[in-house]
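Taken together, the values in this text are just the output of simple stated rules run on the coordinates, not laboratory data. Just so you know, these numbers come straight off a predicted model, no measurement behind them. Counting neighbours? That spans all protein chains shown, and the Cβs are built from the backbone with ideal geometry, glycine included.
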Amino acid sequence: MFYPPGLLFRRRRDAVSDRQRIRELDSGSKREPNQLQRMGVAQPDNRFAAVVEIRTGLELDKAMLLSSLRLIGRLLFKILFAVEYHGLENVPREGPVIIAGNHPSYLDPVLVGLPLDRVVRFMAWDAIFKIPILGWLTRVLGAFPVDLRRGKGDAAFKQACRVLESGEALGIFPEAQRSEGPAMGELRSGAARLALETGAPIVPVAIGGASRAWPKWKLLPKPAKIVVRFHEPITVSGIDRASHGSDREFHHKVMEQVAARINRSLTPALRGAEAFEKWYRQPPSHIRSYEWAPLVAAIIASLVTLSRGGVVKTWVHIYLPPFAYYAYLAADLLLIRQNRTAKWLRNSMPIWLIFIWRAWLTESIGIPAGRFNGMLVCGAVAALLPFFWEDYLTLQKFVRGLTVSYYFSLALLLRWPHELGALVSVLGFVVLFNLGHRVILRYWTASAALILIAISILANGPATMRMLPFALLPLVTLAYLRTFVGAAYDIRRAGDVVIHSQM
């Protein structure tokens, strides 16, 4: 449930006075009845009912805060990490449950708790509670401290039992520390002991990609694709609870089942991470066919300008941006060290060239640049951002298609000038590609592009038949990608060039 911010702030403002009233009531205050009445507190014979009422109000206050934090967190994590969740149906909506997972990053408690419609009480390192703000937030989110030193966890174990016996969800990371390697390391048996003690099922949860999003020993996280999978519950039978309650060997067998399910999901992600890193270090590609498009456009623009008696300034506008672009390609081939950033910049550079060169090029050849350049630029940039989390070849495919759509739309503008020509072609391709290739955030991106097209058409007046070639161009481009280009990309995928990030 989501609570309005105004109500949330009012509840926070009143919380201090509520707590004061509880202390007054719990201590059996000696105040006179008229004083209690002015405070709005029930008479002593109704003290218990008043305490219950105020405590309920504080619980509502906490629920409102958690609801707001969850809403903000879901949006933020979707944007920054394109988080995907699988197997949410395996987590019971009510009743005791132990959620046990691997621990690749500091993001893990939030990643596990965000998609669930119930509060998960995590066992957290006791040192965290001593940190200002972070300690307060950790308590608000329902966590309780654990002394990680061996032999010091009895109090935390008893608290965890109370959490489960009250029908709540308990979150635990059996490694008791950040994962040292890609797979789960040595596990402690606390989750198995809790399951035997309380009868609560264990839901293993695998978190893939979080170690790339927030590597160990790094101060801050960075954008990276994260996938979280909740597995089917592991239930300990009543017979096993009665006969193996203190059997350490049986505890280890239960934890081995937990680790096996998590590691089985992590294995594809681990191979994928290795393949990604290997691919990012590969030598740069030669100049691809679509990367010659700016040169072809410059030559055609030169012929058009010559036929119209162009001046020196026009020649500078035609050739300076492509010259800088091909100088960059030469540097990428010969000088730039290859890594993820270099590969991503190389793939996205044709789009940045379009934005930089568009005004000069359209002015030089005398075609309408349109009144909606800002919308075209914003729409294409927004469409490019989700590909930061997609695999390498999907990004290449998208850039190839967008480049083809744009430069062919310029050719169509020479024959059928229209202010919305390039915008309809480019954003139309963005819509079709995102929906056809199931890109991350595809519905948001496609909806935004369609809204920009609709606003532009409404602002420009009724659509005419001149727009038909530009509307059909995205379909032709997509067919080109699926037939001629698709076969080549599929062959490269088969060579383990790319591993899907989903688990």
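General remarks:
- A simple spin-label model places the labels of R308 and E165 8.5 nm from each other, with each point 7 Å out along Cα-to-Cβ.
- Charge sum, other residues only, whose C-beta stays under 12 Å from G421's C-beta, Lys/Arg counted +1 and Asp/Glu -1: +1
- Rounded, prolate or oblate (a/c below 1.5 giving rounded, otherwise prolate when a/b exceeds b/c) for segment 392-462 by Cα gyration tensor: oblate
- Least to most buried among M349, M465 (fewest other Cβ within 10 Å first): M465, M349
- Sparsely packed loop sites in segment 89-195 (the trypsin sites (Lys or Arg not before Pro) outside DSSP H, G, I, E and B with at most 15 other Cβ atoms within 10 Å) comprise R93, R118, R149, R150, K152.
- Neighbour net charge for L478 - beta-carbon separation under 12 angstrom, K R +1, D E -1: +3
- At most 15 other Cβ within 10 Å, DSSP loop - chymotrypsin sites (Phe, Trp or Tyr not before Pro), segment 195-271: W217
- Sorted fewest first by neighbouring Cβ atoms within 10 angstrom, R70, R288, R229 come out as R288, R70, R229.
- For segment 82-278, the calculated P(r) over all alpha carbon pairs, in 5 Å bins from 0 to the bin holding the longest distance, is 1, 8, 16, 21, 22, 16, 10, 5, 2, 0, 0 percent.
- Local electrostatic count at V91 - Lys and Arg +1, Asp and Glu -1, tallied over other residues with Cβ under 12 Å: -1
- Convex hull volume of segment 166-271 per residue (C-alpha atoms, cubic angstrom): 117 Å³
- Farthest positive-ward along segment 82-278 dipole, Cα basis, beta-carbon charges - from A155, G209, V254: G209
- Note on F129, F355: ascending count of other Cβ atoms within 10 Å places them as F355, F129, the fewest first.
- Model label zone, L219; criterion: amide N under 20 Å from point 7 Å along Cα-to-beta-carbon; scope segment 64-84: none
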